[in-house]
Amino acid sequence: MKKIIGIFVFLAFAAYSFAQGDYEAFRFTQTEISGTARFMGAGGAFSTTGGEFSALSLNPAAIGLYKRHEVTLTPMSLAFSNNTSKYYGTNTFAKNPKYTVPECGLVINSKIENSNWKSWQFGFGYNRIMDFNNTFRADAQNVNNSMVNTILRHVQGTPYNALGGDAGLAFSTWLIDTLPGYTDLYYSPLEGVPNNQNALVEQFGAIDEISLTFGGNFQDKLYIGASLGIPIIDYKEQITYSEVFPDALESNLFLTSFQTRSTQRDAGGGINLKLGIIYQPINFLRIGVGFQTPTYFWKIKDTYDRELLAQYFDGTNSNTWSYTNRSNFSLTTPLKFNVGATFLIKKHAFISAEYNFCDYGMANLYSNEYNYTTENQAVKDKYGICHTVRVGAEVNLAPQFALRAGYNFKSSPYKLTSGPYNGSAHYASVGLGFKSKYFFADLAYVLKLSKDSFWLYDSNAPATSAVEYENSTHRIVATIGCKF
């Protein structure tokens, strides 16, 4: 029985239990609208408008429209997130304020005399291309499902002295046990017993991309650019999950509740190349195309800590076991491209629109420590083509003041879009700008509305066990800079 051998279970970690899976490939492939206040105020639709540092992450040819040197800094992005989650019919609310510095950049413009090439430009800086900061809760009463059911589905046929990960934790804390006369078949006294579940999910971090961009201006008609991107992942997720059995006495249960605490940390760097071209056939129209190669993230360091605390009726009161996994994995994200057009209204306003394409199903995980065949197939099965449309406008109310507005729509990245499989997002923004000969300051407000799903203990479980959550984020962004 486990009372005797439970202490030896964690000697059997030759079989690794990896925290990362198909969702990690999806998570670190995502990007969202972020950058300077001018960029965000006009909906990020700057890939063909140009002359804006954050636009270089979409189409590096946008650097070719710079006429002067520029230094820009976005010292404030203040976000207030509200999440409403639905779990087994119960709605729960959570709030999450967050302050970040999402952008800084330098652009150097050099004029060329006596040539059809009017100038060349060099840019250096960073943009936040994905912000992971989020918090949501999930609560449900009288649930007839349990995390233990998931463990039992995966553990049958595995000898008890080879258990690892959550199965090892469950075995050592008596959530599961071997059937009499067997060493590799299991049951749980918790199966089918109604329980109350609650979870707190906290996500932190971002993907920040350092960029080196070079571009040129040919006869004020053709603009080209290339950018070397170095994205840096810094991600942390903490999940506290518990199941409480209010009728434990009536059900003759020895165990009254259990709680798991997990912390996942991922850190790593990558590299990609962006190429772009913008053409201005007539004075009031610009069209352009931007292309980004797949990003290669090498040796993302993954640390996963897991603890399980079980509460009992007897004098022992509780039993706690934990484990830590450390591993490295690499990730190749899909290629991306965008097309766009900007309509210029003399020198007083513009209206722009663009389309972005990404096939999330092309992401690929690999490692020398583990074969990701199952996870990569899950990526192809779960995720697909995502379409993003951006529109934006700016009008100069006076020589020094500008008003901006924009809208974004991001389609669902999931192949299945019924039930909890959504993942779509809407962004609406407005902004104000002030500029003098050498100085400028911009302010923007962005409202994000999105829907998505989260599985607390089994991403392959039925859709009915998913936490469906709706997010509304109010973001205020301020940027200052100078031209010289």
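Every read-out reported here was derived from the displayed coordinates using simple, explicitly stated rules and does not represent laboratory data. If you're wondering where the values come from, they're calculated on a predicted model, not measured in any experiment. Backbone-built Cβ (ideal geometry, glycine too); neighbour counts: all protein chains shown.
I'd like the residue in segment 356-387 that is surrounded by fewer than 21 Cβ atoms within 10 Å (Cβ to Cβ) and of a type in the set (Ser, Thr, Tyr) and, out of all such residues, is farthest from Tyr296 (Cα to Cα).
Applying the filter and picking the extreme gives Thr374.
For segment 347-401, give me the residue count where each residue is without any contact (Cβ under 8 Å) to a residue 60 or more places away in the chain and more than 30 Å from Arg27 (Cα to Cα). First the steps, then the outcome.
Taking segment 347-401 first, the residues without any contact (Cβ under 8 Å) to a residue 60 or more places away in the chain are 347-349, 351, 355, 357, 359, 361, 366-368, 371-374, 377, 380-381, 384-389, 395-401.
Now restrict to residues that are more than 30 Å from Arg27 (Cα to Cα): 347-349, 351, 395-401.
Final tally of qualifying residues: 11.
Every residue in segment 223-249 that is under 27 Å from the mean Cα position of the chain (by Cα) and among the hydroxyl-bearing types (Ser, Thr, Tyr), please.
Scanning segment 223-249 gives Ser227, Tyr235, Thr240, Tyr241, Ser242.
Considering only residues that are out of contact with any Leu (no Cβ under 7 Å at 6 or more places or on another chain) and surrounded by 18 or more Cβ atoms within 10 Å (Cβ to Cβ), which ones fall in segment 290-305? Steps first, please.
Residues of segment 290-305 out of contact with any Leu (no Cβ under 7 Å at 6 or more places or on another chain): 295-296, 298-299, 301-305.
Result: Thr295, Asp302, Tyr304.
Look through Arg68, Arg128 and report the one residue that is more than 25 Å from the chain's Cα centre (by Cα), of a type outside the set (Val, Ile, Thr) and either surrounded by fewer than 24 Cβ atoms within 10 Å (Cβ to Cβ) or closer than 23 Å to Arg286 by Cβ (or both). Working first, answer last.
On the way: Arg128 fails: more than 25 Å from the chain's Cα centre (by Cα).
None of the other options fit; the residue is Arg68.
Being of a type in the set (A, V, I, L, M, F, W, C) and surrounded by fewer than 15 Cβ atoms within 10 Å (Cβ to Cβ) is the filter here, so list the residues in segment 250-270 that pass it. Give the derivation first.
At the first step, the residues of segment 250-270 found to be of a type in the set (A, V, I, L, M, F, W, C) are 253-255, 258, 267.
Answer for segment 250-270, where residues must be of a type in the set (A, V, I, L, M, F, W, C) and surrounded by fewer than 15 Cβ atoms within 10 Å (Cβ to Cβ): just Phe254.
List the residue pairs whose Cβ atoms are under 7 Å apart, where the first residue sits in segment 67-91 and is free of Cβ contacts under 8 Å to residues at least 60 places away in the same chain and closer than 30 Å to Gln219 by Cα, the second is assigned to a strand (DSSP E or B) and of a type outside the set (D, E, K, R), and the two are 6 or more positions apart or on different chains.
Qualifying pairs under 7 Å: Lys67/Asn109.
If we keep just the residues of segment 111-121 that are touching a residue at least 12 places away in the same chain (Cβ under 8 Å) and closer than 26 Å to Thr36 by Cα, which is surrounded by the most Cβ atoms within 10 Å (Cβ to Cβ)?
Narrowing segment 111-121 to residues touching a residue at least 12 places away in the same chain (Cβ under 8 Å): 116-121.
Narrowing the set further to residues that are closer than 26 Å to Thr36 by Cα leaves 119-121.
Values: Ser119: 19, Trp120: 17, Gln121: 25.
Checked segment 111-121; the qualifying residue surrounded by the most Cβ atoms within 10 Å (Cβ to Cβ) is Gln121.
What tally of residues in segment 74-131 results from selecting those that are assigned to a strand (DSSP E or B) and touching a Leu at 6+ places or on another chain (Cβ under 9 Å)?
Here is the first cut: in segment 74-131, the residues assigned to a strand (DSSP E or B) are 74-87, 90-100, 103-111, 117-131.
Applying the additional criterion that residues be touching a Leu at 6+ places or on another chain (Cβ under 9 Å) yields 87, 94, 97-100, 103-105, 107, 121-125, 127.
The qualifying residues number 16.
With within 30 Å of Asn328 (Cα to Cα), aliphatic (A, V, I, L, M) and under 18 Å from the mean Cα position of the chain (by Cα) as the only criterion, which of Ala363, Ala425 stands out? Talk me through it step by step, then tell me what you get.
Numbers: Ala425 fails: within 30 Å of Asn328 (Cα to Cα).
Ala363 is the lone residue from the list that is within 30 Å of Asn328 (Cα to Cα), aliphatic (A, V, I, L, M) and under 18 Å from the mean Cα position of the chain (by Cα).
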